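Heads up, the thing below is written out as structure tokens.
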Amino acid sequence: MKSFEYLCLVCLHAFRGERSISAIYHLFKGKKSSQTIQDAHIFSLRVVYGLFPELSRTYLDVTIDNLVEQKAINGIDSDHYIVTAIGKATIKEASTIYPLSSSLNGYLYKDKSTIFWKRLSLLIQTLSNLAGAKRSFIPVQYEESVQNWVRYHLLSQKGKTKRQLLDALYMETSGILEQLPEEQAIVFVNSLSGYIRTGKTVSQIAKQLQTDPEWIQIQFQSVLHTMLEKFENKHASETFPILLSVCHDLMDIPQLTETAQRSMKLLNKGLSIDAIAKARRLKISTIEDHIVEMSMQLKKFQIEPYMTEEQLKTINTAIVNQQSHQLRKIKNYLQDDTISYFQIRLVLSRMGDGDES
């Protein structure tokens, strides 16, 4: 079984027939919609969020058809599937072949890791070539913002030679790689370009390691996410001063979407949902989406102001009894017109990471 098939099974198993194949597609692509973000949280699938930003729907559909042929899944309608006993056994077996890093968190690190890699790869390539007395080379990153960052970063490192910076960067990076599975270290190192050295493509590395390209992508992201996770440690500035300098400005980037941040500022000023909607000329449902997003992202965010204690208990009980995250199913079970879909979503937003108590 290929790693991508395994991840599709993991998603389908988590969804239990309550979400469509389109939901998996948006998860893998890292779509920044309220629904996809909520799916990543309440089904504990943040690990796969944004892992395959270039994924085509056709490739996903072909993979689903293959899983049906393997009798790993059964269709319950045109776009919904449940995992069979064969599929569950396959998941258990494949999890030993494709162990996912505990640091892998697409939702938390997707955007940060992209910028971090672009900066780091170009910085290493630049320092390596300068140390080799080669000032002319084809950069691995063409974005002007990335090239400017590397240029200004090097100018700011006064009192250190290019060789000293390169050696320090090597020591910090190798120190992390030595703690990782060998395959992840190989994938990362082979992706780097330097003096008289061109980094290998995903396909080339996959061929070298005799595995599929999707697994190489996953292993590569695992390394980046592990690094970013380590940089969140309060002692990171002492242990990884050079690496942290590459991304210190990225670490505090809020996870909230920009539009949700704007709504939060108005909410903090005491404005009601209706007032925020009018002020921003948006639908009330859109502001509710933003509040659900805040509830998922901000640990101290209180959902109690949006429902009574009795409503909160009633919704919790319905979710547990129905063993479902499907809004319509929970709403129909409640048979209470005073409880809205918005309130149900807020309660669900606090049930991620397997917490369904």
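At-a-glance table
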item	result
Residues with amide H under 5 Å from that of Tyr81, placed H, sequence gap 5 or more	Gly17, Ile76
Rounded FRET efficiency, nearest 0.05, which uses the C-beta distance separating Leu282 from Glu309 and R0 of 30 Å	0.50
Average accessible area per residue (Å²) across the chain - probe 1.4 Å, nucleic acids and ligands excluded	52
Cβ crowding within 10 Å averaged over residues, with 46-57, 7-18, 257-268, 331-342 ranked highest first	7-18, 46-57, 257-268, 331-342
Listed peptides 282-291, 305-314, 66-75 by packing density, highest first (mean Cβ within 10 Å)	282-291, 66-75, 305-314
For region 137-177: rounded, prolate or oblate by the Cα gyration tensor [a/c cutoff 1.5]	oblate
Note, ³J(HN,Hα) from phi for region 100-109, Karplus 6.51, -1.76, 1.60, rounded to Hz, x at Gly and Pro	8, 4, 5, 8, 5, 8, x, 5, 6, 10
Portion, in percent, of the accessible area of region 119-163 that falls on carbon or sulfur, probe 1.4 Å	52
Which of Gln70, Thr126, Pro241, positive extreme of dipole for the chain (C-beta unit charges)	Thr126
Per-residue SASA entry for Tyr81, accessible area with 1.4 Å probe, Å² rounded to 10	30
Of Ala168, Gln208, Ser56, farthest towards positive along the dipole that unit charges on Lys, Arg, Asp, Glu beta carbons give the chain	Ala168
Length added when fully stretched, His248-Asp167, from 0.36 nm per residue minus Cα-Cα	27.1 nm
For region 311-326, Karplus couplings with θ = phi - 60° (6.51, -1.76, 1.60), whole Hz, Gly/Pro x	5, 4, 5, 5, 5, 4, 4, 5, 5, 5, 5, 7, 6, 9, 10, 7
For region 130-146, 3J(HN,Hα) per residue [Karplus equation, 6.51 cos²θ - 1.76 cosθ + 1.60, θ = phi - 60°, Hz, x = Gly/Pro]	5, 5, x, 6, 10, 9, 10, 7, 7, x, 6, 10, 9, 4, 4, 4, 6
Dipole in debye (nearest 20) - the chain, about Cα centre, beta carbon charges: Lys, Arg +1; Asp, Glu -1	1200
Computed label-point distance, nm, for sites Ile76 and Ser203 using a 7 Å Cα→Cβ extension	3.9
Global form of region 53-93, assessed from the alpha-carbon gyration tensor, a/c cut-off 1.5	oblate
Efficiency of FRET between Ser33 and Glu93 - r from beta-carbon atoms, R0 41 angstrom, step 0.05	0.80
Label assignment, mean projected area of the Cα convex hull in nm² derived from the structure, set [x] 24.2; [y] 22.2; [z] 21.2	[z]
Relative contact order (%) - criterion: Cα under 8 Å, at least six apart; region: the chain	18
Calculated FRET efficiency for the pair Ser102/Ala133, C-beta based, R₀ 35 Å, to 0.05	0.25
Charge tally in the Cβ shell below 14 Å around Phe116, where Lys, Arg are +1 and Asp, Glu are -1, Phe116 excluded	-2
Contour excess over end-to-end distance, with Cα ends at Glu144 and Ala85 and 0.36 nm allotted per residue	16.1 nm
Ordering of 84-95, 237-248 by packing [mean C-beta count within 10 Å, highest first]	237-248, 84-95
Global geometry of region 1-70, whether rounded, prolate or oblate, following the gyration tensor of its Cα atoms and the 1.5 cut on a/c	prolate
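The values are calculated or read from the model by the stated rules, or taken from the named source; none is laboratory data. Fair warning: this is a prediction, and the values are worked out from it, not measured in the lab. In this analysis, Cβ positions are derived from the backbone assuming ideal geometry, glycine residues included, and neighbour counts consider all displayed protein chains. Heads up: the accessible areas ignore ligands, DNA and RNA and are worked out on the full protein's heavy atoms, side chains in. Shrake-Rupley method; radii C 1.70, N 1.55, O 1.52, S 1.80 Å.
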